[in-house]
Amino acid sequence: MKICVLGGCGDMAKVAVRLLNEETDVKEIIIADLNIDKAAAFAQETGAKASAVKVDAMDPASVSSVVAGADVAMGFIGPFYMFEKKIIGACLDAKVPYVSICDDYDAYLDAASLDNRAKAEGVTVIAGLGNSPGITNLLAKKGYQSMDKCRKIHISWAGGSNEDIGLANIKHVLHIFSGHTLQWKNGREIKVKTGMGRKVVEFPAPMGKLPVYYTGHAESVSVPRNLPGLEEVSLRGGIHPPYIAALATTVGLLGLSNTPKKRDKLANIFLPIEQAGIFGKGGIDKSVFRIDAYGEKGGKSAHHTYSGVGHIADITSIPAVEGALMIARGELNKPGVHAAESALEPDDFLPRIQKRGVELFLDQ
């Protein structure tokens, strides 16, 4: 198999490349990155299976050329609100399946607009198979399927500030705490202000209790579209220590992060602060998620909880790798543009990532 990893030098992508390198049936790994020197060094470090190529995500022809002939392409180029739709279009041009860790709700909606084209081309695309969205969507589906009637699903995530995240992730945090996002309430989609809707959630150790807020991840957009009959789906996120989410919200309320250009400028200011470990002081080096499903089972009220914990690069990359391998091996052929819950079944997929070390706590 030949797999092309777009943005292959990123913090999340490096874990994916190393995992792919361990698979005996993966014969070739293309590390595609704008920084060709960095890609070449990483390819040499990875070994004989890996090679480096330059790719410019702003140029669809460049992406199509790079992914051509691959069994599947993996997407790690962010921020996804800028690149996801362009990259999917380029993969469709090359008729190459695509799996990404896309985590912006607006990027998911843009990607979903290519669904009919992907079906016509016979190409499988999964936009958002990381930890959140990704694992969270599948845990939401597990909760939905566990009941006779599921009414509400509340999804929460939290990141530790002492994790390596990189420039694109800083832009992502500024984006999801700026402007508005979409939630599902009373059986319909509503627009809410990001950074609002404060709620304290009990996460697995070492996170514990942490305030979370409405943020612009894709679960509250995709889950009610793919799991019919839900009255409410919420998505909230937070960061430990809590002042970082408050800072991102304040920056958003002041209008300092409401355009890509402004976020680029701020991210370049915040990056050296993050690299110096200042944001990490008082933080932790794990990320977590929790899903609460409410409904009825056997004529009684039911509340099932599902959660997980791990290093962000691991719990983000492992699901994407497993999904990409399923497609490349012919185990998954579902043309169209999907969220995780429309492409996969939790009882099949979750054990796969648990075997790779993702720690899940599943309500039985």
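What follows is calculated from the coordinates using simple rules that are stated; it is not laboratory data. For clarity, every value in this text was computed on a predicted model and none was experimentally measured. Cβ placement follows ideal geometry from the backbone for every residue including glycine, while neighbour counts extend to all protein chains displayed.
Points worth noting:
- Put a dot 7 Å past the Cα of ILE36, heading toward its Cβ, do the same for MET196, and the two dots end up 4.9 nm apart.
- Note on the chain: helix-only mean residue ellipticity at 222 nm, from DSSP H runs of 4+ residues weighted -39500 (n - 2.57) and normalised by residue number, equals -12000 deg cm²/dmol.
- Within the chain, percent of DSSP bridges classed antiparallel, to nearest 5: 55 percent
- Counted by neighbouring Cβ atoms within 10 Å, the residues HIS180, HIS217 run from fewest to most as HIS180, HIS217.
- Sequence ranges 285-294, 61-70, ranked by mean other-Cβ count within 10 angstrom, highest first: 285-294, 61-70
- Long-range HN-HN contacts of TYR213 with modeled amide H, under 5 Å: GLY237, GLY238
- As a size descriptor, the averaged projected area of the C-alpha convex hull of region 135-311 was calculated at 9.8 nm².
- Listed candidates (i) 29, 25, 19; (ii) 35, 20, 19; (iii) 27, 26, 24 - label of the one calculated as semi-axes √(5λ) of the Cα gyration tensor in Å: (i)
- Of LYS141/LYS334; LYS119/LYS171; LYS141/LYS286; LYS199/LYS300; LYS119/LYS152, those spanning more than 20 Å from alpha-carbon to alpha-carbon: LYS119/LYS171; LYS141/LYS286; LYS199/LYS300; LYS119/LYS152
- Other residues within the sphere of radius under 14 Å centred on the Cβ of GLY69, judged by their own Cβ, net out at 0 (K and R +1, D and E -1).
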